[in-house]
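Have a look at the structure below before the remarks.
The values are calculated or read from the model by the stated rules, or taken from the named source; none is laboratory data. Note that the structure is a prediction, hence the values are computed from the model and not measured. Note that each Cβ is placed from the backbone with ideal geometry, even for glycine, and that neighbours are counted across all protein chains shown.
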Amino acid sequence: MALRRGDQVLKRLSPRISLLCSRLLAPEQSLLDRESSHGFATTSGNWQGASGRDDAADFGYKKVSREEKTTLVGEVFKNVAPSYDLMNDLMSGGMHRLWKDRFVKKLHPFVGMQHLDVAGGTGDIAFRVLDAIREQEPKQEQAAWGPRSSVVVCDINPAMLEVGKKRAQERGLGEASGLQWVEGNAEKLPFEDASFDTYSIVFGIRNVTDIEAALREAHRVLKPGGRFLCMEFSQVRSPTLRALYDAYSFSVIPVLGDVVARDRASYQYLVESIRKFPSQKKFASMIAAAGFQEVTYENLVAGAVAIHSGFKL
């Protein structure tokens, strides 16, 4: 239903917007402009963010207290939840689906895995992980000796979780599917140590108030040998493409938010939050500082999106 609605809205929008979107998000070389980097050392000292103050945080381009950022971000996602998936289709020309497919393939889902998807309220990643597991499972009930696969979606925002639960019901995914929904904070996860084989967070970590705390929590809840995988908007490498990307982001996305979601301010924040997020290399160093090893990243679409990986060894 969301995709059909998205198609209808796209048809009503200016063809110039769709053309600009496709050019910016699919550069001429390849959809997957991959670049991996290895061997990141841990950073010395604590990363404090652009403000340089322990008690301050960036809410887009505004400096606010940490508590205020948590509240403001909560309001943003409460407001955008009903149109979140539709807006993802419109803003990316539908290509976020391909990025997420690529992400889940890198995750290598397996039968019996215990997976945690943080900030995944609407279920996009969880549903893909479950589908990948099902492709490997026999049609019969899994053998009694085998561990039962589990996918836990943890999100701090109840409005986003409600959207995900509704989508799961539409797909016939009940408790028997191994899918669980938990309201919780990425900075203080409500799970025991060493509970999960894999941890994912997609387009969510830049909205976390204390990114370092969230990374430490990811490390804590993973089992030894477990994998951390994060996909987030990042920094476009080419100055020319960066200028075009900025023009699209600041001129078009807030307008789309106003027209489709009746909420320009929330999408203005989301655009600004991308610019305040650390570079690919800086974020990789933060992951290493949290205790992860073999930290790498892969650039998609000229660096507009990056997938970071690390292991708890």
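Details
- Beta carbons closer than 7 Å, at least 6 apart along the sequence or on distinct chains, pair a first residue in segment 129-151 that is assigned to a loop (DSSP other than H, G, I, E, B) and of a type in the set (Gly, Ala, Ser) with a second that is modelled with pLDDT of 90 or more and surrounded by 10 or more Cβ atoms within 10 Å (Cβ to Cβ) for Gly146/Val111; Gly146/Gly112; Ser149/Val111; Ser149/Gly112; Ser149/Met113; Ser149/Ile133; Ser149/Gly178.
- Residue match in segment 262-269 (condition: free of Cβ contacts under 8 Å to residues at least 60 places away in the same chain and within 18 Å of the chain's Cα centre (by Cα)): no
- Inside segment 192-205, residues that are within 20 Å of the chain's Cα centre (by Cα) and either at pLDDT below 95 or in a loop (DSSP other than H, G, I, E, B) (or both) make up a count of 2.
- Selection within segment 185-211 - among the hydrophobic types (A, V, I, L, M, F, W, C) and closer than 23 Å to Leu130 by Cα: Ala186, Leu189, Phe191, Ala194, Phe196, Ile201, Val202, Phe203, Ile205
- Among the numbered conditions (1) closer than 28 Å to Thr296 by Cα; (2) more than 16 Å from the chain's Cα centre (by Cα), the only one that Glu187 does not meet is (2).
- Flag not set for Ile205, criterion: touching a Gly at 6+ places or on another chain (Cβ under 8 Å) and within 20 Å of Ala81 (Cα to Cα).
- Taken over segment 98-127, the residue count meeting the criterion of being of a type outside the set (A, V, I, L, M, F, W, C) and in contact with an Asp or Glu (Cβ under 8 Å, 6 or more places away or on another chain) is 8.
- Of the residues making up segment 171-187, none is part of a loop (DSSP other than H, G, I, E, B), in contact with a Gly (Cβ under 6 Å, 6 or more places away or on another chain), farther than 22 Å from Leu107 by Cα and free of Cβ contacts under 8 Å to residues at least 60 places away in the same chain.
- Considering segment 172-190, and only residues there that are of a type in the set (A, V, I, L, M, F, W, C) and farther than 27 Å from Thr70 by Cβ, the residue that is surrounded by the most Cβ atoms within 10 Å (Cβ to Cβ) turns out to be Leu173.
- Every listed requirement among (1) in a helix (DSSP H, G or I); (2) modelled with pLDDT of 95 or more; (3) closer than 26 Å to Asp263 by Cβ is met by Asp117 save one, (1).
- Cys230 falls short on exactly one of the conditions (1) touching a helix residue (DSSP H, G or I) at 6+ places or on another chain (Cβ under 8 Å); (2) hydrophobic (A, V, I, L, M, F, W, C); (3) surrounded by fewer than 17 Cβ atoms within 10 Å (Cβ to Cβ), and that condition is (3).
- Which numbered condition Val255 fails, given (1) farther than 19 Å from Gly121 by Cβ; (2) within 18 Å of the chain's Cα centre (by Cα); (3) not small (Gly, Ala, Ser): (2)
- Contact map, segment 81-95: first residue under 17 Å from Gln268 (Cβ atoms) and free of Cβ contacts under 8 Å to residues at least 60 places away in the same chain, second residue part of a helix (DSSP H, G or I) and of a type outside the set (Phe, Trp, Tyr), Cβ cut-off under 7 Å, separation 6 or more or different chains; pairs are Asn88/His96.
- The residues in segment 274-313 that are of a type in the set (S, T, N, Q), surrounded by fewer than 19 Cβ atoms within 10 Å (Cβ to Cβ) and within 28 Å of Met91 (Cβ to Cβ) can be counted, and the count is 2.
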